[in-house]
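> Structure in structure tokens, see below.
The values are calculated or read from the model by the stated rules, or taken from the named source; none is laboratory data. The model shown is predicted, which means the values in this text are computed figures rather than measured ones. Glycine also receives a Cβ, built like all others from the backbone with ideal geometry; neighbour counts cover every protein chain displayed.
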């Protein structure tokens with residue numbers, strides 16, 4: 001019974017090929033919007049990272065955190081889903097725990113926020129858990145990859161996320 005619960009039948013070649021519609025729709029949309037979206041990013045003023053990024057305070061959130069131990073350091077990772085329409089970034093990252101009421105310097109604290117009201121989420125996920133979960137996992141992986149990049153000495157890791165957020169915002173605009 002336990003094996004059966006975790007068993008998933010692999011899709012057939014025909015079922016995989018049914019994703020052609022998703023590929024075609026996405027490529028057609030990107031073909032129209034990418035040139036303008038990239039031009040906006042290239043022409044935007046460069047932001048110097050002189051201080052730690054801060055997340056805008058909001059009460060319209062769902063929050064959960066967990067702790068892990070990596071390389072002899074305790075980490076507290078806060079994950080947050082926001083439903084505040086005033087927030088404009090799809091994915092945000094901060095170097096502190098969410099909510100910001102405790103700061104234990106012996107623990108590496110990371111906050112990752114995904115906006116459920118961002119146009120991308122509204123268009124493609126809505127409030128469907130089965131659609132939110134893979135995007136949230138992607139956001140967590142992107143945020144943690146950025147943190148790990150910084151830990152290993154990369155200086156411009158936030159630029160990738162900023163460009164990602166700008167691109168996804170521009171690509172999510174309706175025509």
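> State the number of residues belonging to the range 50-67 that are loosely packed, with under 12 Cβ neighbours inside 10 Å and modelled with pLDDT of 80 or more.
Selection size over the range 50-67: 6.
> Any residue in the range 25-44 that is at pLDDT below 80, at negative phi and in a loop (DSSP other than H, G, I, E, B)?
Yes, the range 25-44 contains a residue that is at pLDDT below 80, at negative phi and in a loop (DSSP other than H, G, I, E, B).
> Please work out which one of (1) over 14 Å from the mean Cα position of the chain (by Cα); (2) surrounded by 15 or more Cβ atoms within 10 Å (Cβ to Cβ); (3) at pLDDT 85 or above is the condition residue 112 fails and give its number.
Against the list (1) over 14 Å from the mean Cα position of the chain (by Cα); (2) surrounded by 15 or more Cβ atoms within 10 Å (Cβ to Cβ); (3) at pLDDT 85 or above, residue 112 comes up short only on (1).
> Now, a different point. Mind checking which pairs have a first residue in the range 147-172 that is farther than 23 Å from residue 71 by Cα and a second that is modelled with pLDDT of 75 or more and part of a loop (DSSP other than H, G, I, E, B), Cβ under 6 Å, 6 or more apart or different chains?
Going by the 6 Å Cβ cut-off, the qualifying pairs are 165/89; 165/90; 168/90.
> Still on this structure: Among (1) modelled with pLDDT under 80; (2) within 17 Å of residue 110 (Cα to Cα); (3) crowded, with 17+ Cβ neighbours inside 10 Å, there is one condition residue 148 misses while meeting the rest; what is its number?
Residue 148 satisfies all of (1) modelled with pLDDT under 80; (2) within 17 Å of residue 110 (Cα to Cα); (3) crowded, with 17+ Cβ neighbours inside 10 Å except (3).
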